[in-house]
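Undergrad: Have a look at this one before I ask anything.
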Amino acid sequence: MENFKLIRLLGEGGFGKTFLAQVLDERLRSETGEFVALKIPLNKEREEGLIKELITNSLFNLKLRGIKHPNVVSYLGFSKFKEHYGMMMEYVDGKSLRQEMAEKKVLSVESALAIAEGILSGLAYAHKVGLIHRDINPSNILIASNGVAKLTDFGISNILGDTESRYGRMGTGTFAYMPKECVKKGYKEGFYSDTYSFGATLYEMVTGRLPFVGMSGIEIKKMILEQRPAPPIFLNQEVGEGLSAIILVSLSKEPEQRFQTAEEFLEIIKEYREKGKDADRYIYRAEEKKEPPKKRMFVPTGGWGEEE
């Protein structure tokens, strides 16, 4: 008897396909609940990576299972389905941030900041236990039906292997969220790599475009290494000078100039929401509409040009 019954496809990425699955095995169901999101590797190579990281690397497995946070999709372990191993995760009834942005193009500043506070809170928790996500982008952020933002796919980048292999498999879309140290040899990844990727995601939320847009991965890589993104304040009149500066700090070329952890980034976002948003400066904000002055008719009371 199979452990799962596949209900429907939820999504597909560089690692595998994710299905909504009903758990049929009673013992397993007692641990996971009736429904899970089951991620099945695309091929044998991916499956071998899954086995290496999640089954033989017990410490990594324990770290993933130890993340219990309302803004992180829970990892529930691994199990077999039709002779293949798959990852079990909490099923989230909702949609991805990517889908949300496709519908709305640009999110309101308040909506973007609410998502930022939630995701950075979950990411900060993961950083504290020593986990780097390495693939933060709108496709890996879920918005539950109750509005809660959740970060998903922790560990997938580890399973995909070394840095260059990961980015080669991820494609141009995900490549656009990568910091300098992830696209150039000789640099070390760290928590600051995650803060850059989320900064790029926040940039896209409030402007409707990526920090760098190119026709190919090579072109985007060159931009990441050599160019600076346009300040968000120039792309959306609802973005203030202070928020624009915060986002640009997260996108600094050099790691030491960025927010070093998600906790640091989170505190700045919280402070901005509480104190800075209303006091921020907006350079392209339209002035309030005023009633045009009424025309006056000049009625002379004396003769023209007469001396008093």
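What follows is calculated from the coordinates using simple rules that are stated; it is not laboratory data. In this text, all values refer to a predicted model and were calculated from it rather than measured experimentally. Here the Cβ positions follow ideal geometry from the backbone for every residue, glycine too, while neighbour counts run over all protein chains shown.
Undergrad: For the residue pair E189 and K82, what label-to-label distance in nm results when each label sits 7 Å from Cα along the Cα-to-beta-carbon direction?
TA: Those two pseudo-labels are separated by 3.0 nm.
Undergrad: Please give the Cα centre distance for the stretch 30-91 versus the stretch 193-254, rounded to the nearest Å.
TA: Answer, in whole Å: 32.
Undergrad: Structure shown: which of K128/K185; K17/K150; K68/K185; K39/K253; K44/K128; K105/K221 lie over 29 Å apart, alpha-carbon to alpha-carbon?
TA: In this structure, K68/K185; K39/K253; K44/K128 exceed 29 Å between Cα atoms.
Undergrad: Here is a further query. Measuring from label point to label point, each 7 Å out along Cα→Cβ, what is the E241 to L42 span in nm?
TA: 4.6
Undergrad: Consider all pairwise Cα distances in the stretch 94-276 and report the whole-number % of them above 31 Å.
TA: Tail fraction, whole percent: 8.
Undergrad: So, with +1 on the Cβ of K and R and -1 on the Cβ of D and E, and no other charges, what is the size of the charge dipole of the stretch 1-103 about its Cα centre, to the nearest 20 debye? Intermediate values should be presented prior to the final figure.
TA: Values: 16 positive and 15 negative charges, 29 e Å.
Charge dipole, the stretch 1-103, about its Cα centre: 140 debye, nearest 20.
Undergrad: In addition: Let's test the formula: R0 of 25 Å, r as the Cβ-Cβ distance of K270 and R228. What FRET efficiency results, to the nearest 0.05?
TA: 0.40
Undergrad: Now a separate question. Order the peptides 202-211, 64-73 from the highest to the lowest mean number of other Cβ atoms within 10 Å of their residues.
TA: Ranking the peptides 202-211, 64-73 by packing returns 202-211, 64-73.
Undergrad: Magnitude of the Cβ-charge dipole of the stretch 189-283, K/R +1 and D/E -1, about the Cα centre, nearest 20 debye?
TA: Result for the stretch 189-283 is approximately 320 debye, rounded to the nearest 20.
Undergrad: Please arrange V213, V249 by counting, for each residue, the other beta carbons lying within 10 Å of its beta carbon, fewest first.
TA: V213, V249
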